[in-house]
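The structure appears right after this line, and notes come after that.
What follows draws every value from the coordinates through simple rules; no lab data is involved. Bear in mind that the values here come from a model prediction, so they are computed numbers and not experimental data. Positions of Cβ are backbone-derived with ideal geometry, glycine not excepted, and every protein chain shown enters the neighbour counts.
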Amino acid sequence: MLRDRVRCEAYRQALLSAVRPGDVVLDMGAGTGLLSLFALQAGARRVYAVERTSIAAFARQLVEQNGAADRIEIIQDDVENVQLPEPVDVLVSEWMGGCGVDENLLAPLLASRDRWLKPGGIMLPERVTAWMAPVWDRELDAEMSFFLGQPYGLDLGLVAEGTAQELFIARYHVSEQDLRAEPQPMWSTDAYTCSVEEASSPFRASMQFLVTRAGPFNSLAAWFRAECGAGIVLTNAPDAPATHWGRWVLPLERGLSVERGAAIWVDLICEPDEPGWCDHRWSVRVGDGNWEDHNSRWAIG
Ligand SMILES: C[S@@+](CC[C@H](N)C(=O)[O-])C[C@H]1O[C@@H](n2cnc3c(N)ncnc32)[C@H](O)[C@@H]1O
């Protein structure tokens with residue numbers, strides 16, 4: 001993530017634009033403290049860097065090494081337990097999974113917004129929208145063909161069945177030419193107005209795609225577009241510069257061929273589960289065919 005210059009520069013530029021000299025910043029889920037250091041570069045008077053895992057100890061060293069220990073306070077705890085001595089002007093967090101909400105970090109982020117952000121304070125990012133398109137994923141096809149092809153003289157069809165329930169993250173090779181239809185937004189999260197309750201509830205999308213590029217089709221790709229203020233957009237869309245997120249891919253059971261103008265219906269539910277994870281259910285129907293249902297809880301492994 002630290003080497004992902006697209007991600008890091010988007011946050012750095014967003015902080016340089018949002019933070020005014022003397023501001024107080026909360027970095028929620030600070031990890032190594034990188035965003036806290038960016039906030040300091042932007043002129044923050046004080047940064048509270050909250051990180052619940054032991055990487056907080058490393059962040060403390062990194063902050064010291066950068067001569068910032070007097071202005072960045074590393075707090076190792078769950079953000080929901082933290083008591084800050086003052087409200088903050090800017091709340092920054094890198095909470096996005098491959099399609100935005102799927103790392104289940106949004107609810108704690110918004111709970112800390114409600115507790116610590118000053119009226120009129122700034123959220124970074126401000127809005128995150130999740131997008132989807134039907135695609136052809138060559139690697140997924142190779143994987144399914146292998147398991148369905150009686151490898152080693154064995155029937156490994158069950159592995160193919162499990163694979164079709166699995167959510168693949170970071171399918172870097174799924175690019176614009178693999179899209180079969182125009183992408184559509186699934187949901188949009190406004191960091192200022194979304195409630196903790198909404199963030200803890202299932203995210204749902206029902207979409208109808210019309211095929212614009214005929215060809216093979218075996219999965220749905222998803223990504224996000226994060227608006228970070230001052231016109232700065234961070235995205236892992238197929239036509240954007242590569243990030244560590246790649247694309248999120250939800251398979252079908254079998255690859256099939258779709259004609260231009262064919263309809264593809266998709267229902268998707270992304271349900272917050274344990275910290276750091278959401279369960280996914282997706283159903284797909286092509287033309288007059290039957291609905292095909294998938295559930296990431298059934299995935300093998
Ligand atoms: C995607 S990483 C981002 C790290 C860092 N901000 C960066 O941009 O490089 C998210 C971090 O949030 C932390 N985290 C998740 N839930 C948290 C919570 N409730 N309280 C504090 N930290 C949390 C995770 O341990 C992880 O280090």
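Considering only the range 1-149, what is the antiparallel percent among its DSSP beta bridges, to the nearest 5? Once the DSSP bridges in the range 1-149 are tallied, antiparallel ones form about 5 percent. Translational diffusion of the range 50-119, estimated by Stokes-Einstein from the Kirkwood radius over alpha carbon pairs at 10 °C in a medium of 1.306 mPa s, is 118 µm² per second.
Taking amide H atoms as placed 1.01 Å from N in the peptide plane, the amide H of Leu117 lies under 5 Å from those of Val88, each 5 or more residues away in sequence or on another chain. Does anyone have the angle between helix 55-65 and the longest principal axis of the chain? Alpha-carbon axes, 0 to 90°, nearest 10? Approximately 50 degrees, to the nearest ten. In sequence order, the range 256-265 has phi-based couplings of 9, 9, 10, 8, 4, x, 5, 9, 10, 9 Hz under the Karplus curve 6.51 cos²θ - 1.76 cosθ + 1.60, θ = phi - 60°, and Gly or Pro positions carry x. In plain terms, the chain is cut at each of the trypsin sites (Lys or Arg not before Pro) found in a DSSP loop with at most 13 other Cβ atoms within 10 Å, and the longest leftover piece is 4-259. Averaging 1/r over every pair of different alpha carbons in the range 94-186 and inverting the result gives a Kirkwood radius of 16.7 Å. Remark on Met186: its backbone amide H falls under 5 Å from those of Ala130, Trp131, Met132, a criterion applied only to residues 5 or more positions apart or on other chains, H modelled at 1.01 Å from N. The Kirkwood radius of the range 183-229, taken over pairs of alpha-carbon atoms, gives through the Stokes-Einstein law at 20 °C and 1.002 mPa s a diffusion coefficient of 156 µm² s⁻¹.
Check each of the GluC sites (Glu not before Pro) in the range 197-275 and keep only those in coil by DSSP with at most 10 other C-beta atoms within 10 angstrom; list them in order. List each step's numbers first, then the result.
Values: sites: Glu197, Glu198, Glu227, Glu253, Glu259; in loops: Glu259.
In loop regions of the range 197-275 (DSSP not H, G, I, E or B), the sparsely surrounded GluC sites (Glu not before Pro) are Glu259.
Rg/Rh, computed from the Cα trace of the chain with Rh as the Kirkwood radius, has the value 1.03. Per-residue Karplus couplings for the range 38-47, computed as 6.51 cos²θ - 1.76 cosθ + 1.60 with θ equal to phi - 60°, are listed in order as 4, 4, 5, 4, 7, x, 4, 6, 8, 10 Hz, Gly and Pro entered as x. The angle separating the long axis of helix 5-18 from the principal Cα axis of greatest extent in the chain is about 40 degrees. Each helix, a run of at least 4 DSSP H residues, gives -39500 (n - 2.57); summed and divided by the residues of the chain, these come to -6500 deg cm²/dmol at 222 nm.
The distance linking the range 128-158 with the range 1-73 is 40 Å (Cα centroid to Cα centroid, whole angstrom). Under 5 Å between amide hydrogens, built in the peptide plane, is the criterion, and for Glu126 it picks out Glu227, Cys228, Gly229 among residues at least 5 positions away or on other chains.
Against the chain, whose longest principal axis comes from its Cα atoms, helix 106-116 is set at around 20 degrees. Across the range 172-180, rounded Karplus estimates of 3J(HN,Hα) from the backbone phi angles (6.51 cos²θ - 1.76 cosθ + 1.60, θ = phi - 60°) give 4, 7, 6, 10, 4, 6, 8, 6, 9 Hz, Gly and Pro being marked x.
With coordinates expressed along the principal axes, the C-alpha atoms belonging to the range 17-134 extend over 49, 32, 27 Å, beginning with the largest.
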